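Right, one structure below, let's go through it.
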Amino acid sequence: MGVSFTLKSLAAELGASFEGDGETLLKGVAPLESATEGHLTFVTNPKYLKAALSTRASAILCGEPVPGWSKPLLLSKNPYSDLARTIAFFHPETPLPTGVQAGSWICASAQVHPSATVMPGAFIGEKARVGAGSVLFPGVFIGEGSVVGDGCRLYPNSVVREGCVLGHRVILQPGAVVGSDGFGFAKEGAGYRKIPQVGNVVLEDDVELGANTCVDRAVLGTTRIGQGTKLDNLIQIGHNVVIGKHTVMAALTGISGSTQVGDQVVMGGQVGLAGHIKIGDQVVLATRTGVMEDIPEKGVYFGAPHNTMTAEMKNVAAYRQLPEMLRRIRSLERELEGLKGNQTHGG
């Protein structure tokens with residue numbers, strides 16, 4: 001039998017309030033368009049208020065009452081966060097067997113906590129350590145001397161190369177690589193000499209890396225990602241980069257070597273940062289922003305090269321007027337040529 005809550009009991013679990021029949025039975029969460037009786041649906045963006053009126057759900061999770069909606073409401077001060085918690089209530093994780101499973105490879109000097117789970121095909125190198133309750137799925141590679149803290153979850157084919165450190169509750173999605181060589185080559189004649197990358201990577205507590213995201217090890221010292229920072233899929237973090245706490249980055253973002261990023265920074269998709277620059281705290285970089293120099297002040301930035309959002313949107317508006325401006329200029333040029341011709345003939 002699946003998990004179910006009454007509206008009243010779910011509100012109590014979330015510390016939220018409700019309107020309507022508190023005994024309404026909720027058996028799951030579904031989007032507005034596919035929800036049916038027994039579902040809780042949600043409105044976390046005001047632009048979906050109109051669509052909410054036609055949903056068949058039994059109740060709506062939202063921040064404030066939906067005009068015209070007569071069924072029960074679950075009212076939250078932080079609907080998006082409470083949506084995440086509600087989904088977890090209805091979809092609890094399946095417990096995994098603990099211990100080292102047959103088909104995995106654990107080197108003799110490695111230390112694995114008895115409550116950890118190491119699945120077939122995982123490899124743990126010499127002198128590496130895996131903490132309590134951590135889960136290593138098939139194909140995970142932990143290099144020599146690396147440390148995986150407590151409660152981590154490393155999904156299939158993720159890699160933690162030698163000497164790297166993961167704090168507690170770190171998540172690596174499939175194919176994530178921690179500690180790949182930095183892109184360091186010295187020009188030598190017509191070719192290039194590889195610069196040894198002998199530093200490491202430290203991911204602090206509660207960091208999450210998306211699928212196929214790569215964090216390069218430092219040339220010397222440490223590439224560091226701060227507590228609570230979340231990286232989407234297909235992100236590249238160069239060597240010796242330092243990222244602060246609770247920063248988030250969307251897919252296809254790239255950060256060049258030795259750049260420093262502050263706390264609570266937000267980056268949209270396909271943002272690009274040059275090397276050896278500094279981004280201050282609480283900076284927001286909109287999608288496809290290109291940054292070539294320091295941004296010390298918090299604010300919203302856009303464009304390539306970057307500009308303040310307000311200034312760049314004015315530039316975008318002007319750019320869209322260029323075809324009409326060009327047409328008018330050509331028309332004026334023709335009129336001017338005509339006036340010049342009349343003056344010549346009249347003289």
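The values are calculated or read from the model by the stated rules, or taken from the named source; none is laboratory data. These numbers come from a predicted model, not from an experiment. Glycine also receives a Cβ, built like all others from the backbone with ideal geometry; neighbour counts cover every protein chain displayed. SASA here: full protein model, heavy atoms, side chains in, ligands and nucleic acids out. Shrake-Rupley method; radii C 1.70, N 1.55, O 1.52, S 1.80 Å.
Observations
- Expected-Rg normalisation [2.2 N^0.38 Å, Cα atoms] applied to the range 156-199: 1.57
- Interatomic Cα distance distribution for the chain, bins of 20 angstrom, percent: 24, 41, 26, 7, 2, 0
- Karplus-derived HN-Hα couplings along the range 231-246 (A = 6.51, B = -1.76, C = 1.60, θ = phi - 60°), whole Hz, x at Gly and Pro: 10, 6, 5, 6, 10, 10, 10, x, 5, 6, 6, 10, 10, x, 8, 6
- Amide H contacts of Trp69 (H built 1.01 Å from N, in plane; Pro and chain starts excluded): no residue 5 or more places away or on another chain comes under 5 Å.
- For Leu26, residues with placed amide H under 5 Å, excluding near neighbours: Phe5, Thr6, Leu7
- Among Thr41, Thr98, Thr253, residue whose mean-square fluctuation peaks in a GNM of the chain (springs only between Cα atoms under 10 Å): Thr41
- Spin-label proximity, Glu293 to the range 230-274 - amide N less than 18 Å from point 7 Å beyond Cα toward beta carbon: 259-260, 272-274
- One Cα centroid belongs to the range 1-67, the other to the range 81-110; the line between them spans 29 Å.
- The peptide list 119-127, 14-22, put in order of mean Cβ contacts within 10 Å with the highest first, becomes 119-127, 14-22.
- Listed values for the range 196-203 are Karplus-derived 3J(HN,Hα) couplings in whole Hz (6.51 cos²θ - 1.76 cosθ + 1.60, θ = phi - 60°), namely x, 9, 10, x, 9, 10, 10, 9, and x replaces Gly and Pro.
- Normalised contact order of the chain, rounded percent, pairs of Cα under 8 Å and 6 or more residues apart: 6 percent
- Calculated FRET efficiency for the pair Ala318/Leu339, C-beta based, R₀ 30 Å, to 0.05: 0.55
- Theoretical FRET efficiency, 1/(1+(r/R0)^6), r = Cβ-Cβ of Ser4 and Ala251, R0 41 Å, to 0.05: 0.70
- For Phe42, nonlocal amide neighbours, meaning residues 5 or more places apart or on other chains whose placed amide H falls under 5 Å from its own, are Leu32, Leu61.
- Using the Cβ of His306 as centre and a radius below 11 Å, the other residues enclosed give a net charge of -2, where K and R count +1 and D and E count -1.
- Surface share of carbon and sulfur [accessible, 1.4 angstrom probe, percent] for the range 189-347: 54 percent
- FRET efficiency, 1/(1 + (r/R0)^6) with R0 51 Å, evaluated for Cys107 and Glu188 via beta carbons: 0.90
- Note on the range 186-212 and the range 241-296: Cα centroid distance 17 Å, given to the nearest whole angstrom.
- Couplings for the range 113-123, taken from phi via the Karplus curve 6.51 cos²θ - 1.76 cosθ + 1.60 with θ = phi - 60°, read 5, x, 8, 6, 10, 10, 8, x, x, 7, 10 Hz in order; Gly and Pro are left as x.
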